[in-house]
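Engineer: Pasting a structure below so you can have a look.
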Amino acid sequence: MLNSIIKVALIGNPNVGKTSVFNQLTGLNQQVGNYPGITVEKKQGIAKLSSEVKAKIIDLPGTYSLNASSIDENVVIELLLNKNDEDFPDVAVVVTEVENLKRNLLLFTQIKDLEIPTILVINMADRMKLKGIELDIESLEKELKTKIALVSSRKNQGIDNLRNIILNYTELSTEPCLHASSIDPEYFDKLRKAFPNQLLYKLWLVITQDVNFLNLERNEIKSSFTKSHSDLKRLQQKETIKRYQFINDTLKIGQKIDQSKATDIRAKIDRILTHRVFGYLIFFGILMVIFQFLFDWSSIPMDFIDETFANLSSFAKTNLPSGKFTDLISDGVIPGIGGIVIFIPQIAFLFLFISVLEESGYMSRVVFLMDKIMRRFGLSGKSVVPLISGTACAIPAIMGTRNIENWKERLITILVTPFTTCSARLPVYAILIALIIPEKRVLGFLSLQGLTLMSLYLLGFGMAIFSAYILNKVLKLNCKSYFVVEMPSYKIPMFKNVAINVIEKTKAFVTGAGKIILALSVILWFLGSHGPKSFDDASTVITSQNQNLTKDELNDKINAYQLENSYIGIMGKSIEPVIKPLGYDWKIGVAVVSSFAAREVFVGTLATIYSVGSHSEEEATIKKKMAAEVHPITGNKIFNFATGISLLLFYAFAMQCISTLAIVKKETNSWKWPIIQLVVMSGFAYLVALTAYQFLK
């Protein structure tokens, strides 16, 4: 065991606190990646069990049973069936919660049938007294043939005991709790004789589900033991009944619930939060508070970051030796990075609020509440989770559609989710709102800028719902649908879980977008600082035409002439006829085109272009540079109300994210749907932006 690593699979139903247990075991020692070949998120972390032994903890997607109905659930089964997988566990830790033990144990009994050493974790033990629940751990351990760790991940209780049980996993029994073969002994006996070297319950799972299995061909097994689909379904139902009979008998002895001792107010709160009127009002009120705080709280750190990067750029320009390298650093790299770092406070606050809502259990009530509306538009209640997750990023949100069983509902959700306002749009919205919407208060306490931001989020959500309604009418796919949602207990959010979530998501945003922005900033700086012969002749041309100007005025004219005749200026002017009717000049056009890779690039691109084009000390920060930009002929501000609204609406509807298109292709297994998304969304965005500008100018 010296310096050895134990592989531990963390398995459980959704909402049992599996992630909290994972966080307690691993702390901040985590890595997030994808399972090979697919894009379901995989969390891994290292837990130190003793001075000599560590455990690699693999947090598997939540699943209700080993009868998979979604791709996420397939991930769990395929790992547990494949001993050749590098992550095949030495020990499985099944996490359950004390209030839903009966339902949670179904998964546990199935995993025990796979003869893997399995530990049962009963989480949320701190709520037992509140709910009037008593457990006879010794009796449960005897019936379930395992060791039980009673923990409260919220209060960090029982985790040391769990570590100790994992450390001694070789002492665990691998005997199943019950034998599924008793549902049809004759059939299972034939199966056992045909494949004597294979585990019987694995064979059964292979026959009934679409999963890979070692070196055996699925068709070989299925053709040898043909049963009709209805017969297999009947046997599966029989198996489930048999398991629940066993669980009922076990809990009759090992669990006592005295409702008279319970002090539960959950039902009362649920009635208010899911009320047909009050429920929606409360949800709307919470959204309004979030967006108010988002603007008010973020302004101070954002202004500080903006000023800091402006000073840094100025410092680099003043103190480094003059030359191309200094220009690259001061005009390209620093403004480009500043264009993304400035939005960290707003993004962190957004994730903070979303994490608190999820951790508290409120988000499941929102799913239940919104299902009544979603049904009318051809979506499932489960579609709410991807749509809300889309406020962070469309990519994991689209992956999140995998638990929607109905293909039509899933496809519609995939197609409309990019309309939801993701965090990449936030920098664009924030800078444009700050430029065109005055800092006024409505009713004395509501920020007008905050209300505008909230309106844009609601616009995106409303457009997603409207598009779903159209698609539901257009798509002729006949699929059956059903909706099951679990109401987890209300909990005080754990600071540690919230903090980890905020740090992870913000870090992913900054590093993911940062790479693109840094690369683009360097390219844009080069294109803006170099050009054909007319670029090099700028000084001679401008000086000969403007003999009476001061030195500063002459420098500004030369800089402007150079920028217009640079490579980027030539490119921007070539697309000007297309974007001019929307109220955009060639500089905005370059930013719009470059942000087709990722929306957040828009601000960084403008920051770089304006840094190359301006050397005025008065226009140090990104906001000041954009606010000071005027049309060279009319002298009017470029970022006026009409142009600002046109840009806001364009970014609200346009499909500008290559990564999202790639994930849609992967999830639909076709280029047809991402191409339709790109053409329809961008075309619609152009028409709306055009109409808005022409009406408001």
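Engineer: Tell me, please, whether a residue that is open to solvent by 50 Å² or more (accessible area, probe 1.4 Å), among the hydroxyl-bearing types (S, T, Y) and at pLDDT below 75 can be found in region 550-569.
Structural biologist: yes
Engineer: Continuing with the same structure: Could you list, in sequence order, the residues of region 681-697 that are of a type in the set (S, T, Y), closer than 19 Å to N640 by Cα, surrounded by fewer than 20 Cβ atoms within 10 Å (Cβ to Cβ) and touching a residue at least 12 places away in the same chain (Cβ under 8 Å)?
Structural biologist: Within region 681-697, just Y686 meets the criteria.
Engineer: Among the residues of region 439-447, is there at least one that is out of contact with any Pro (no Cβ under 6 Å at 6 or more places or on another chain), under 21 Å from L350 (Cβ atoms), modelled with pLDDT of 80 or more and not β-branched (V, I, T)?
Structural biologist: Yes - at least one qualifying residue is present in region 439-447.
Engineer: Please list, ordered by residue number, the helices (runs of 4 or more DSSP H) wholly in region 593-697 having 2 or more residues that are modelled with pLDDT of 75 or more and among the aromatic types (F, W, Y).
Structural biologist: Per the criteria, 641-653, 672-696.
Engineer: While we're here: In this structure, is T170 farther than 27 Å from I241 by Cβ, surrounded by fewer than 14 Cβ atoms within 10 Å (Cβ to Cβ) and of a type in the set (S, T, Y)?
Structural biologist: Spelling it out, T170 is indeed farther than 27 Å from I241 by Cβ, surrounded by fewer than 14 Cβ atoms within 10 Å (Cβ to Cβ) and of a type in the set (S, T, Y).
Engineer: Check I111, I122, I77, I133 and return the single one that is in contact (Cβ under 8 Å) with a residue 24 or more places away in the chain and more than 25 Å from Q157 (Cβ to Cβ).
Structural biologist: Only one candidate qualifies: I77.
Engineer: Sort out which residues of region 168-181 are out of contact with any Asp or Glu (no Cβ under 7 Å at 6 or more places or on another chain), under 30 Å from K193 (Cβ atoms) and assigned to a loop (DSSP other than H, G, I, E, B), and write them in order of number.
Structural biologist: Passing the criteria: L172, S173, E175, C177, L178, H179.
Engineer: Next question, about the same structure. What number of residues within region 650-664 are surrounded by 17 or more Cβ atoms within 10 Å (Cβ to Cβ) and either touching a residue at least 60 places away in the same chain (Cβ under 8 Å) or within 15 Å of A434 (Cα to Cα) (or both)?
Structural biologist: Result for region 650-664: 10.
Engineer: Suppose we filter I388, I373, I354 for residues that are surrounded by fewer than 19 Cβ atoms within 10 Å (Cβ to Cβ) and of a type in the set (A, V, I, L, M, F, W, C); which single one remains?
Structural biologist: Criteria check complete, one pass: I373.
Engineer: Please go through region 256-284 and give me each residue that is at pLDDT below 75, in contact with a helix residue (DSSP H, G or I) (Cβ under 6 Å, 6 or more places away or on another chain) and open to solvent by less than 70 Å² (accessible area, probe 1.4 Å), ordered by number.
Structural biologist: Of everything in region 256-284, just one residue is at pLDDT below 75, in contact with a helix residue (DSSP H, G or I) (Cβ under 6 Å, 6 or more places away or on another chain) and open to solvent by less than 70 Å² (accessible area, probe 1.4 Å), namely A262.
Engineer: Go through region 142-167 and count every residue that is open to solvent by 40 Å² or more (accessible area, probe 1.4 Å) and either part of a helix (DSSP H, G or I) or in contact with a Phe, Trp or Tyr (Cβ under 8 Å, 6 or more places away or on another chain) (or both).
Structural biologist: 6
Engineer: Looking at (1) open to solvent by less than 30 Å² (accessible area, probe 1.4 Å); (2) at pLDDT 75 or above; (3) closer than 30 Å to V384 by Cβ, which one does L251 not meet, given that it meets all the others?
Structural biologist: Unmet for L251, out of (1) open to solvent by less than 30 Å² (accessible area, probe 1.4 Å); (2) at pLDDT 75 or above; (3) closer than 30 Å to V384 by Cβ: (3).
Engineer: Tally up the residues in region 440-477 that are out of contact with any helix residue (DSSP H, G or I) (no Cβ under 8 Å at 6 or more places or on another chain) and polar (S, T, N, Q), please.
Structural biologist: So the answer is 1.
Engineer: Report, ordered by the first and then the second residue, all pairs with beta carbons closer than 7 Å, sequence separation of six or more or different chains, a first member in region 310-334 that is on the phi > 0 side of the Ramachandran plot, and a second member that is aromatic (F, W, Y).
Structural biologist: From region 310-334, no pairs qualify.
Engineer: Which residues, counting only those in region 358-370, are open to solvent by less than 30 Å² (accessible area, probe 1.4 Å) and assigned to a helix (DSSP H, G or I)?
Structural biologist: Matches in region 358-370: S360, Y362, M363, S364, R365, V366, V367, L369, M370.
Engineer: Any residue in region 453-468 that is open to solvent by less than 50 Å² (accessible area, probe 1.4 Å) and modelled with pLDDT under 75?
Structural biologist: No, the conditions are met nowhere in region 453-468.
Engineer: Let me ask another. Go through E409, E405 for me and flag whichever is modelled with pLDDT of 80 or more and of a type in the set (D, E).
Structural biologist: E409
Engineer: Pairs under 6 Å by beta carbon, first residue without any contact (Cβ under 8 Å) to a residue 24 or more places away in the chain and surrounded by fewer than 14 Cβ atoms within 10 Å (Cβ to Cβ) in region 668-680, partner charged (D, E, K, R) and part of a loop (DSSP other than H, G, I, E, B), six or more apart or different chains?
Structural biologist: Taking only residues 6 or more apart or on different chains, not a single pair turns up.
Engineer: Here are D87, D126, D113: which of them is open to solvent by less than 50 Å² (accessible area, probe 1.4 Å), of a type in the set (D, E) and under 19 Å from Q24 (Cα atoms)?
Structural biologist: It is D126.
Engineer: In addition: Cβ-Cβ below 8 Å, separation at least six or inter-chain, first residue in region 428-442 and touching a residue at least 40 places away in the same chain (Cβ under 8 Å) and in a helix (DSSP H, G or I), second open to solvent by 20 Å² or more (accessible area, probe 1.4 Å) and aliphatic (A, V, I, L, M): which pairs?
Structural biologist: A430/M302; L435/A627; I436/I645
Engineer: Going by the conditions given, is F309 assigned to a helix (DSSP H, G or I) and surrounded by fewer than 13 Cβ atoms within 10 Å (Cβ to Cβ)?
Structural biologist: No, not satisfied.
Engineer: Would you mind listing the helices (runs of 4 or more DSSP H) fully within region 1-119 where at least 3 residues are closer than 26 Å to N164 by Cβ, modelled with pLDDT of 85 or more and under 19 Å from the mean Cα position of the chain (by Cα)?
Structural biologist: 18-26
Engineer: For region 136-148, which residues satisfy the criterion of being out of contact with any helix residue (DSSP H, G or I) (no Cβ under 6 Å at 6 or more places or on another chain) and either over 21 Å from L178 (Cβ atoms) or not hydroxyl-bearing (S, T, Y) (or both)?
Structural biologist: Passing the criteria: I137, E138, E141, K142, L144, K145.
Engineer: Name the residues in region 570-586 that are under 16 Å from G531 (Cβ atoms) and open to solvent by 30 Å² or more (accessible area, probe 1.4 Å), would you?
Structural biologist: Residues satisfying the conditions are I570, M571, K573, S574.
The values are calculated or read from the model by the stated rules, or taken from the named source; none is laboratory data. These numbers were taken from a predicted model, which means no experiment stands behind them. Here Cβ is always computed from backbone atoms with ideal geometry, including for glycine, and neighbour counts include all displayed protein chains. Note: areas computed on protein heavy atoms with side chains; ligands, DNA, RNA excluded. Shrake-Rupley method; radii C 1.70, N 1.55, O 1.52, S 1.80 Å.
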